[in-house]
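Chemist: One structure coming up, written as structure tokens, with questions to follow.
The values are calculated or read from the model by the stated rules, or taken from the named source; none is laboratory data. Predicted model, so just to flag it, every value in this text is computed and none were measured. Here Cβ is always computed from backbone atoms with ideal geometry, including for glycine, and neighbour counts include all displayed protein chains. Only protein heavy atoms, including side chains, enter the accessible area calculation; ligands, DNA and RNA are left aside. Shrake-Rupley method; radii C 1.70, N 1.55, O 1.52, S 1.80 Å.
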Amino acid sequence: MTNVKPTAAQIKENLDIKLARYFGCTAAEASKDQMYKATAMTIRDILAEKRGAFKKKVNQTGAKRVYYMCMEFLLGRSLKTNLCNLGLDEEYKKALADMGFELDDLYNCEPDAGLGNGGLGRLAACFMDSLSSLDYPATGFSLCYEYGLFKQMIVDGLQVELPDVWLPGGEVWLVPRTDRSFKVRFGGRVREEWKPSGHCEIIYEDTEEIEAVPYDMMISGADSQAVSRLRLWRARDIQNFNMRLFTQGQYARAQQEATNAASITKVLYPSDNHTEGKLLRLTQQYFLCSASVQSIIRDHMAVYGTLDNLAEKVAIHLNDTHPTLCIPELMRILVDEYFYPWDVAWHMVTRICSYTNHTVLPEALETWNEDLFRLKLPRIHAIIKEINERFCREAWQTFPGNWQKISAMSVVGYGQVRMANLAVIGSHSVNGVSKLHSNILKKSVFNDFFRLYPERFDNVTNGIAHRRWLCYSNPELAKLLDETIGTGYRHNPVELAEFAKFADNDEILERFRAIKHNNKISFANHLYRKSGQKLDTHAVFDVQIKRLHEYKRQLLNALNIIGIFLDLRDNPNLDITPQTYIFGAKAAPGYHMAKRIIQLLCMISKEIERHPAIREKLNLVFLENYDVSTAEALIPSADISEQISLAGKEASGTGCMKLMMNGALTIGTLDGANVEMLAAAGEENMFIFGLTSNEVDELWARGYHSTEFYANNERLARIINALTTGFGGESFADIATYLLGGQGIADPYMCMADFESYRLTHEKAIKAYADRQRWTRMALLNTAASGHFAADRSIREYADRFWNIKPVK
Ligand code: 26Q
């Protein structure tokens, strides 16, 4: 039955059953929301059945599996992707139309599952799609946060955070597996007791035990056999309710303890590329690692009845350092519970684990206070100390006498536990996410480790789920591609290269241009419906969408916009191409400068609104609550993609790939994946500017003085002065001070140094846009060159080089 597609009649019958059972109503009585849920439930059933068949095959063939560990999965919506991947969208559309419902309306009933901050979490979601589409046996592990990333409201230019209540509406995709719960231990004391059998038993005293309950989500591949499982853990209090305290009359304390337990999975930490050494975060991380490793061991024992072959059958991937405690947790289980000798266990662990680094920003490298760590995780602390001692002895062989080096590489030192060092030491492979980033890791961040273990270091450039980000979110472009190059690219994205053959075909160019224009109209309508904001669809759509961070330099973009604004204020008749700047960005709630930059953008927008003549040519739109669904609506409409981070800071970037694939032209620095996009698209099809990462390093070494740029560039000086005067009635003198110095390092991300180069390159791009034929040709060639940036390619590389897993067909 598994691969037999239901007919429209069967679909209707299934929907009727769900409506009757769960809502006590008929299709005629059902609300859109009820029909959305009923639809999702029928898909969930199909997926569960398909998953069962796939799992059986994996068990029979004894195939090796990968477990992808990540604190974030930024999934967005699931209904459309699942329907399209299963090839059921047309049938459902028909069935629902017969029942009086528009499928598109139902899509809009689904809340985004925003269980992630940005790039890292979205990458994990894209990877799940490719894993199932390529028939790899895969499970993702994460936490079932009750609240995902906050909802952003903008009030008078200020970001206000509201809780993201996603479960009503999102829970239809989750299958609770209370029968597969595990206990996770925290705190207390541990003692070793040698048994007559020769085993050392670990005795836990006064530890707190919290139950981890799995909620499974099934993720369908496109036209494939595999269904991946995403297992999200929720902390449960009921089981743990302290009856002893309760019967002693200590109701409040009993209640308090229970609430503490449940708070572990209450909310996602909203910071991106910045760590907070908070106890709750450490608790979340260990909760994820312990529950997941126990689950992996249980699954493995159920199939093989021994752990001797664990390293042949299991790969565990650490997506950044956040799940690094999998390493000591796996050691704990192998040594304490299955009595493997330390060396044997360690050999298994390092063969099983692999690690991806996603950042070189020092503030994002995770360290924990050792005292806090020991209190919360005493046994794990002891295991890490042992790992550290053995490592230091080994490193001594390579760097004899070099205590300084060894101490810098150690896991525990100066009262800190260093997660990145533990991840490198406990993994057989360490990769960066773009060529440039991987080279920087070898050259600087992990240089000592690279000299010790050169064979461990590798690169896999990121990729995106091209079916979601191109085929499903830009159906008109996908149709044009189907007609011109065939549908092969849907499974084999490098075939997009074939599209380049049409770069000089006037008819295709015209269709390509018309599709972009229609997408701009669609997005303008979408925005108008949502917020009442109007867009001029004949203006260039210049888009910067990403988390708000100083290193990403939304401020550099803002400075240039201010310059154009001042030009137009001087001369409203200036002959320039109308341009609309679209920003989407959330700031971490405690990140003051990021919030000020949001306010600046909003106030520039307000100021422009006050000048009707300027508004004809220049607009700035700040999208409230930018999320995955907004990205899907916006990206197909973008003309220009802003990827302007200070070179050497953006590990890869993935928004850049989505925009490129949808035919936006990139204006960017030689940073992250931009470097490889340039190699793929050619310099005539991209707008590159600014310092290279080597030049940035040299400039720091020489001494960077942002004031020189202020003194030598009149235009820039005028822009900075305008910040002090302010916009929309708000002065931004503090941002002027930030750029020029006065407190802290002046202009730490070198906006001033790159300004002139950015301005000139940007002007070149806007001029190029005026030649519509030439622009469209460049855009088409970008789409054609984007196949390399599909997650299918990334996943094959991970599978072949790090995980050593094969598709199960
Ligand atoms: C760590 C500790 C405590 C609290 C929060 C965190 C935390 C959370 C999220 C630290 C970092 C992140 C997210 C990082 C991230 O998204 N990095 C991005 O990863 C993308 C995928 O590889 C890259 O494309 C981006 O360049 C990189 O910035």
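Chemist: Can you work out the FRET efficiency for the pair residue 615 and residue 760, with r the C-beta to C-beta distance and R0 = 30 Å, to the nearest 0.05?
Modeler: In this case the efficiency is close to 0.75.
Chemist: How much length is gained if the chain between residue 191 and residue 53 is pulled fully straight, taking 0.36 nm per residue apart and subtracting their Cα-Cα distance, in nm to one decimal?
Modeler: The span from residue 191 to residue 53 would gain 45.2 nm if fully extended.
Chemist: Just to make sure I understand: if all protein chains stay in place, what is the order of 734, 299 by accessible area at 1.4 Å, largest first?
Modeler: Listed by decreasing accessible area, they come as 734, 299.
Chemist: First check a/c for the stretch 462-528, with a ≥ b ≥ c the square roots of the eigenvalues of its C-alpha gyration tensor; if it is under 1.5, answer rounded, and if not, answer prolate when a/b is larger than b/c or oblate otherwise.
Modeler: oblate
Chemist: Let me ask another. What are the residues whose amide H is under 5 Å from the amide H of residue 267, where those residues sit 5 or more places off or on another chain and H is modelled from the backbone?
Modeler: It is 146, 147, by chain and number.
Chemist: Based on the alpha carbons, how large is the Rg to Rh ratio for the stretch 89-203 when Rh follows Kirkwood?
Modeler: Looking at the stretch 89-203, the ratio lands at 1.16.
Chemist: With each pseudo-label sitting 7 Å past Cα toward Cβ, what's the residue 309-residue 385 distance in nm, one decimal?
Modeler: Modelled inter-label distance: 3.8 nm.
Chemist: On alpha-carbon atoms, Rg over Rh for the stretch 451-584 using Kirkwood Rh?
Modeler: The Rg/Rh ratio comes out at 1.07.
Chemist: Here is a follow-up. State whether the stretch 601-710 is rounded, prolate or oblate according to the following rule on the C-alpha gyration tensor (a ≥ b ≥ c being the square roots of its eigenvalues): a/c under 1.5 gives rounded; otherwise a/b larger than b/c gives prolate, and the remaining case gives oblate.
Modeler: Numbers: a/c = 2.06, a/b = 1.23, b/c = 1.67.
Here the stretch 601-710 falls in the oblate category.
Chemist: Which whole-Hz ³J(HN,Hα) couplings does the stretch 444-459 yield from phi under the Karplus relation 6.51 cos²θ - 1.76 cosθ + 1.60, θ = phi - 60°, glycine and proline marked x?
Modeler: 10, 3, 10, 4, 5, 5, 4, 6, 7, 10, x, 5, 6, 8, 8, 10
Chemist: Largest first and in whole Å, give the semi-axes of the stretch 369-490's equivalent ellipsoid, each being the square root of 5 times a Cα gyration tensor eigenvalue.
Modeler: 44, 19, 11
Chemist: Hey, can you grab everything whose amide H is under 5 Å from the amide H of residue 689? Only 5+ residues off in sequence or another chain; H modelled, so Pro and N-termini drop out.
Modeler: Distant-sequence amide H within range of residue 689: 668, 669, 670.
Chemist: Counting only Cα, what are the radius of gyration and maximum Cα-Cα distance Dmax of the chain, in Å?
Modeler: Gyration radius and largest Cα-Cα distance of the chain: 27.2, 93 Å.
Chemist: So what are the ³J(HN,Hα) numbers for the stretch 25-33, from phi and the Karplus equation (6.51, -1.76, 1.60; θ = phi - 60°), rounded to whole Hz, Gly and Pro as x?
Modeler: 9, 9, 4, 5, 8, 5, 7, 4, 4
Chemist: Also, quick follow-up: In whole percent, how big is the carbon plus sulfur part of the accessible area of the stretch 458-551, probe 1.4 Å, protein atoms only?
Modeler: Numbers: 1860 of 3870 Å².
Here it works out to 48 percent.
Chemist: Spin-label point model (7 Å from Cα, Cβ direction): what's the residue 767 to residue 155 distance in nm?
Modeler: My value for the distance between the label points is 4.7 nm.
Chemist: What percentage of all Cα-Cα pairs in the stretch 654-809 are separated by more than 18 Å?
Modeler: Above the 18 Å cut-off, the stretch 654-809 has 69 percent of its Cα pairs.
Chemist: How many times 2.2 N^0.38 Å is the alpha carbon radius of gyration of the stretch 21-171?
Modeler: 1.20
Chemist: Rule-of-thumb check for the stretch 722-809: C-alpha Rg over 2.2 N^0.38 Å?
Modeler: 1.89
Chemist: Same structure again: Can you tell which of 572, 528, 115 lies farthest toward the positive end of the dipole of the chain, using +1 and -1 charges on the Cβ of basic and acidic side chains (Lys, Arg; Asp, Glu)?
Modeler: The listed residue farthest towards the positive side: 115.
Chemist: For residue 375 and residue 737, what is the calculated FRET efficiency with R₀ set at 45 Å and r taken between the beta-carbons, to the nearest 0.05? Before the final figure, lay out each step's value.
Modeler: Numbers: r = 41 Å, r/R0 = 0.92.
Plugging the Cβ-Cβ distance into 1/(1 + (r/R0)^6) gives 0.60.
Chemist: Of all DSSP beta bridges in the chain, what percent run antiparallel (nearest 5)?
Modeler: 45 percent
Chemist: Quick check on the stretch 149-240: take the gyration tensor over C-alpha atoms, sort the square-rooted eigenvalues as a ≥ b ≥ c, and tell me if it's rounded (a/c under 1.5), prolate or oblate.
Modeler: It is oblate, given that a/c is not under 1.5 and a/b is not larger than b/c.
Chemist: Using +1 on the beta carbon of Lys and Arg, -1 on that of Asp and Glu, and nothing else charged, what's the dipole of the chain about the Cα centre, debye to 20?
Modeler: Dipole magnitude for the chain comes out near 1300 debye.
Chemist: Continuing with the same structure: Quote to one decimal, in nm, the extra length available between residue 500 and residue 201 on full extension: 0.36 nm per residue of separation minus the C-alpha distance between them.
Modeler: 101.1 nm
Chemist: Tabulate in residue order the Karplus-calculated ³J(HN,Hα) for the stretch 607-612, using 6.51 cos²θ - 1.76 cosθ + 1.60 with θ = phi - 60°, rounded to whole Hz; enter x for Gly and Pro.
Modeler: 4, 4, 4, 6, 10, x
Chemist: So what's the gap between the Cα centers of the stretch 262-330 and the stretch 545-617, to the nearest angstrom?
Modeler: So the separation of the two Cα centres works out to 42 Å.
Chemist: If amide hydrogens are placed 1.01 Å from N in the peptide plane, which non-local residues have theirs closer than 5 Å to the one on residue 620?
Modeler: For residue 620, whose amide H was placed from the backbone, the distant partners under 5 Å are 581.
Chemist: Suppose a student asked you for the relative contact order of the chain, using Cα pairs under 8 Å spaced at least 6 residues apart; what percent would you report?
Modeler: Relative contact order here is 13 percent.
Chemist: With each pseudo-label sitting 7 Å past Cα toward Cβ, what's the residue 695-residue 724 distance in nm, one decimal?
Modeler: About 2.9 nm, to one decimal.
Chemist: At a 1.4 Å probe radius, which order do 494, 445 fall into by accessible area, largest first?
Modeler: Ranked list, largest accessible area first: 494, 445.
Chemist: Among the trypsin sites (Lys or Arg not before Pro) in the stretch 274-331, which ones are in a DSSP loop with at most 15 other Cβ atoms within 10 Å of the Cβ? Mind listing them?
Modeler: Within the stretch 274-331, the qualifying trypsin sites (Lys or Arg not before Pro) (loop, at most 15 other Cβ atoms within 10 Å) are 278.
Chemist: Further, regarding this structure: Assigning unit charges at the beta carbon (Lys, Arg +1; Asp, Glu -1) and nothing else, what dipole magnitude in debye, to the nearest 20, does the stretch 235-286 show about its Cα centre?
Modeler: Roughly 140 debye, rounded to the nearest 20.
Chemist: In 5 Å bins starting at 0, how do the alpha-carbon pair distances of the stretch 27-86 split up by percent?
Modeler: 4, 13, 15, 17, 20, 15, 7, 4, 3, 1
Chemist: Here's a follow-up. Roughly how many Å² of residue 84 are accessible to a 1.4 Å probe, to the nearest 10?
Modeler: Here the residue's solvent-accessible area equals roughly 30 Å².
Chemist: Specify which residue in the list 345, 361, 398 is farthest towards the positive end of the charge dipole of the stretch 344-414, using unit charges on the beta carbon of Lys, Arg (+1) and Asp, Glu (-1), about the Cα centre.
Modeler: Selected residue: 345.
Chemist: How much of the calculated P(r) for the stretch 427-484 lies past 12 Å, in percent of all Cα pairs?
Modeler: Value for the stretch 427-484 (Cα pairs over 12 Å): 71 percent.
Chemist: What are the GluC sites (Glu not before Pro) within the stretch 21-109 that DSSP puts in a loop, where the Cβ has at most 11 other Cβ atoms within 10 Å?
Modeler: The qualifying sites are 29.
Chemist: Show 379, 610 ordered by accessible area, largest first, where the area counts protein heavy atoms only and the probe is 1.4 Å.
Modeler: On the way: 379 35, 610 145 Å².
Largest accessible area first, the residues go 610, 379.
Chemist: Can I ask one more? In whole Å, how far is the Cα centre of the stretch 450-486 from that of the stretch 209-223?
Modeler: 25 Å
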